[in-house]
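Report on the following structure.
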Amino acid sequence: MMGLRHKYLSRLEVLKLYGNGLMGGIPPIIGTLGYLKALSLGYNNLNDSFSMEGLCKLNLEELDLSNNGFEGSLPACLNNLTSLRLLDLSRNDFRGTIPPSLFSNLKSLEYISLSYNHFEGSIYFGSLFNHSRLEVFELSSNNKYLKVETENPTWSFPLFQLKILRLSNCTLNWPSQVVPSFLLSQYDLRVVDFGYNNMTGKVPTWLLANNTKLEYLSFESNSLTGVLDLGSNSIHYYMCVLDFSLNCIHGELPPFIGSIFPRLEVLNLSGNALQGNIPSSMGDMEQLGSLDLSNNNLSGQLPEHMMMGCISLEISRGFLNSSSLLLLDVSSNSLMGQIPDSIGDFSALRTLILSRNYLDGVVPTGFCKLNELRFLDLSHNKIGPTLPLCANLTNMKFLHLESNELIGPIPHVLAEATSLVTLNLRDNKLSSPIPPWISLLSKLRVLLLKGNQLEDSIPLHLCQLKSISILDLSHNHLSGSIPPCLDNITFGREVALMDDTFFIEGFESWWGASPETYSYENQLSVYVDMDFSFETSAERNKLAGPIPPEIGNLSGIHTLNLSYNQLTGSIPHTFSNLKEIESLDLSHNRLTGQIPPQMVIELNFLTIFTVAHNNLSGKTPERKFQFATFEQSSYEGNPLLCGLPLDQSCTPTSAPPAVKPPVSDNRENSSWEAIFLWSFGGSYGVAFLCIVAFLYLNSYYRELLFYFIGEHVPFLRLRG
């Protein structure tokens, strides 16, 4: 910057240092360039807001400080730049309120952008109504902290005619939340973005009637109601992006929608309550690159004749002749029938989402022509029984076939999908062992095979998928032991790969349209379990043997579920190394031994823990830290386990045994018992002999005794 002192720069009028990596503050020397009219310092790393005050002495007409790190409040001296025509302070870290004088003093403004900061307080749009030169106003994405009021009965209509207006993600016109009425006087709009404002009222289709040069119109994520009444006579040649997604629009699509927007590139009407069929006039949209009609109430079939290059409902030949279609999403509707083979006419298609419909039949061979396909979601239909062998999956990154009618082995054609990041085959009827070629999918981060009929043991070649973050093998017929080599898999221990998020290129242009983005939450978990299904007849995995201590080396996992198996042995002490784990389920096995006490200290993020229904013994973990939150259900079903929160106490509570008398007392009692028995026996013998002798000597009493016996004891007869 010292070179700026050169005398030939003293009369400099335009200085552009755009995207040069400048850091710190604005060099003071710039404030001495008295002839400077235009200054562009955007896309640098400048962050010293106080250095901006050096610019307030200049007679600038254009000031671009966008995409830096300036923070704090806006310098009050910006009000002095009364000659400014362009002011761009977007994408910084400015906070606080926007001074009302900023708008009232700068009456020469034609372009003002304050988007993507952290402003608070309120601004009144009426303070701009006298700015007759204003054409661009952007104040988007301030996280709802900024209140924008456009309605006041004392304000007259504005003097300006805007071309670009962005007021998304603000608190607009609270509490009425109405569409700004000043738009009724605007007739030259090119870009309008009112997304994420919770606005109410009818769909403002009059904006289209008043502004025939509109190129971008977005009311995404509001609460607009009514039907999409576009009129049948108007034609909007310039419209490229139309987005009314996530509202409450009902009724059918206008029959002439394709004729009204012949050059439309992006159409997003998802998340509404639209009904009926897609009109055949969409075949006139020859430049359509993205069509999203998902999450509506559309119904009908997918007849073969309906497509010349895409998919829709019950529509005639010629629908969507666009050869440049990159994205098609008609998921979460009520589509029926088979996928037409003419789907293959879209050679440029990169994203196809037909999930959550009622489609059935086979995957057509037309898929074999979709060589550029990156994202395919056919989940939650009735498609099967396998994939066509001719399918070219070399560029596929995300494949979702969950909840269909796939049967037999995992399709071998997937062995060629070496770019796959996500493979979701859950809840089908796939059988046979997991194939060895699965190890060829080296970029896989998500492998979901839950709810099939896969057999045999967990193969060792799964351990070669070292980039896996999510592995789900539950609800299958797997058996055998858990491979110790699973600790070769990163499970989040290494830096995440760049292709976690997939975006559709080609939709970002000068108006700043966001690209379509599909991402998997960065969940790090491993499942080699059976979470018992809702169907009582479902068979479980039967993994057996001890839990390999190497599993404790998976320090990056967040979830470990080994429940409903036949695992034996003790809980490895290495589990105390799972410092990131949030959910640990070892229930319904045959584990023995004690629960490692070190887990209490080390597992600080654990929110779900259960070892119920095993054969564990000893004392439950000390109730502190995270383990203080686990209730009786986490430990029940272990008869030898004791301690809180169980009812079984670890302290003995039974009555003490009776005290035996001393040995000397026992001997004394035994002597007295012997004397008593001998004396009693002798006395009884003497008395008996005396009676016998008396009867023998006295015959009268002897005969009397025999007579008594004969009369009273009839079963005994004594004869002489």
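The values are calculated or read from the model by the stated rules, or taken from the named source; none is laboratory data. The structure displayed is predicted, hence computed values, not measured ones. We place every Cβ from the backbone using ideal geometry, glycine too, and count neighbours over all the protein chains shown.
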Which of the residues belonging to the stretch 249-265 are surrounded by fewer than 23 Cβ atoms within 10 Å (Cβ to Cβ) and over 11 Å from residue 228 (Cβ atoms)? 255, 256, 259, 262, 263
Tally up the residues in the stretch 552-581 that are in contact with a strand residue (DSSP E or B) (Cβ under 8 Å, 6 or more places away or on another chain), β-branched (Val, Ile, Thr) and at pLDDT 90 or above, please. 3
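State yes or no: is residue 90 at pLDDT 95 or above, crowded, with 21+ Cβ neighbours inside 10 Å and closer than 25 Å to residue 221 by Cα?
Values: at pLDDT 95 or above: yes; crowded, with 21+ Cβ neighbours inside 10 Å: yes; closer than 25 Å to residue 221 by Cα: yes.
In short, yes.
For the structure I just gave you, tell me whether residue 166 is modelled with pLDDT of 95 or more, surrounded by fewer than 21 Cβ atoms within 10 Å (Cβ to Cβ) and within 28 Å of residue 70 (Cα to Cα).
Details: modelled with pLDDT of 95 or more: yes; surrounded by fewer than 21 Cβ atoms within 10 Å (Cβ to Cβ): no; within 28 Å of residue 70 (Cα to Cα): yes.
Criteria not met by residue 166.
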Residue hits (the stretch 122-149; under 22 Å from residue 108 (Cβ atoms) and among the hydroxyl-bearing types (Ser, Thr, Tyr)) are 124, 127, 132
Only residues in the stretch 563-583 that are within 21 Å of residue 474 (Cβ to Cβ) and of a type in the set (Phe, Trp, Tyr) count as the first member; pair them with residues that are at pLDDT 95 or above and part of a helix (DSSP H, G or I), Cβ under 8 angstrom, at least 6 apart or cross-chain, and list the lot. 575/599
Return only the number of the condition from (1) closer than 30 Å to residue 193 by Cα; (2) surrounded by fewer than 20 Cβ atoms within 10 Å (Cβ to Cβ); (3) aliphatic (A, V, I, L, M); (4) in contact with a strand residue (DSSP E or B) (Cβ under 6 Å, 6 or more places away or on another chain) that residue 98 does not satisfy. (2)
Going through (1) in a loop (DSSP other than H, G, I, E, B); (2) buried (at least 21 other Cβ atoms within 10 Å of the Cβ); (3) modelled with pLDDT of 90 or more one by one, residue 491 fails only at (3)
Does at least one position in the stretch 617-635 carry a residue that is within 24 Å of residue 475 (Cβ to Cβ), at pLDDT 95 or above and part of a loop (DSSP other than H, G, I, E, B)? no
Residue 218 vs (1) surrounded by fewer than 15 Cβ atoms within 10 Å (Cβ to Cβ); (2) in contact with a Gly (Cβ under 6 Å, 6 or more places away or on another chain): all pass except (1)
